[in-house]
Amino acid sequence: MFGETFNFEKLDFELLLTTIGILGLKLLGIFIVFLIVKSIGNRVIRRSFEKVVKRDDISLGRAKTLESLSLNIFSYVLFFIFIVMVFEIFNYDATALLAGAGVIGLAIGFGAQGLVSDVVTGFFLLLEKQIDVDDYVTTAGYSGIVESVGLRTTQIRGFDGTLHFLPNRQISSLSNHSRGNMRALVDIGISYDDDIDQAINILQNTCDKIAAEDESIKEGPNVIGVQSLGSSDVVIRIIAKTDNMGQWAVERKLRKALKEALDSNGIEIPFPHQVYIEKKSE
């Protein structure tokens, strides 16, 4: 009697170990397949968008945006399929799982309004083409370059290197600085004693030389004229239109060239002076 009981318990234990081992191998196999399919799928999606860009069917920024979104959706769908397969390994009915997910989703729907708002806002951002990857934007108090646009979040890289993750629902107002040409603006002052017309001619000649050298300049630079009369200088404004993200480089180049041109022609750029008056007692 005791011997039979001992053998029966030993058999149950071995069966349990065998069952756990089989389940473990199945889980490992599904996980490996998940990684392989994800890697292949990501590669196919990226190559597909690379081919689209090469055919000039779509802009590079738009292609990167749709590629990021496609990878995002593919990852979510693949992860959901992986979860369903795991439940089926443990003999849970996938249909019941989906039904349960629907009930749970309905139960937490009121608490997930933010998530729904993120998805809806992200959908309209993409549908209306308000934003693309590599665009320079200002939104929700942040300025920078868009690195990724997803259904839930948008990633913006600030000019200090910080990566901002913005829930899409926070993008209530958006300024996109990358649509069309950008404006380069330079104000430069001359003294009241100098000839304004002569200074304008010198500045415009210098601007024309820079325009001939710099391909990023699309229009101008043009000397608009006297912008304001300061306390110690006459401010002259220069404006040009440049490629997207090229305005800052053009402004730096203009300031340097205009300063050198004024110096070589003896025109002073005023700067504050301090006068010390010492009263000597007799």
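What follows draws every value from the coordinates through simple rules; no lab data is involved. Here the structure is a predicted model, which is why all the values come from computation and not from measurement. For neighbour counting, all protein chains shown are included, and Cβ atoms are generated from backbone atoms with ideal geometry for every residue, glycine included.
Filtering the range 199-232 down to residues that are surrounded by fewer than 19 Cβ atoms within 10 Å (Cβ to Cβ) and in contact with a Ser or Thr (Cβ under 9 Å, 6 or more places away or on another chain), which residue is farthest from residue 136 (Cα to Cα)?
Applying the filter and picking the extreme gives 232.
Hey, residue 192 hits all of (1) part of a loop (DSSP other than H, G, I, E, B); (2) free of Cβ contacts under 8 Å to residues at least 12 places away in the same chain but one; which does it fall short on?
It fails just one condition, (2).
Could you run through the range 202-252 and say how many residues are of a type in the set (Asp, Glu), more than 13 Å from residue 185 (Cβ to Cβ) and part of a helix (DSSP H, G or I)?
Number of matching residues: 2.
For residues that are more than 33 Å from the chain's Cα centre (by Cα) and of a type in the set (A, V, I, L, M, F, W, C), scanning just the range 208-237, find the one that is farthest from residue 248 (Cα to Cα).
Out of the qualifying residues, it is 229.
So which strands (runs of 3 or more DSSP E) stay within the range 117-184 end to end and still have 2 or more residues that are within 13 Å of the chain's Cα centre (by Cα) and more than 25 Å from residue 241 (Cα to Cα)?
Because the criterion is at least 2 residues that are within 13 Å of the chain's Cα centre (by Cα) and more than 25 Å from residue 241 (Cα to Cα), the strands (runs of 3 or more DSSP E) in the range 117-184 that meet it are 142-149, 153-157, 163-167.
Could you look through the range 117-168, keep only residues that are surrounded by fewer than 19 Cβ atoms within 10 Å (Cβ to Cβ) and charged (D, E, K, R), and pick out the one that is nearest to residue 68 (Cα to Cα)?
My answer is 147.
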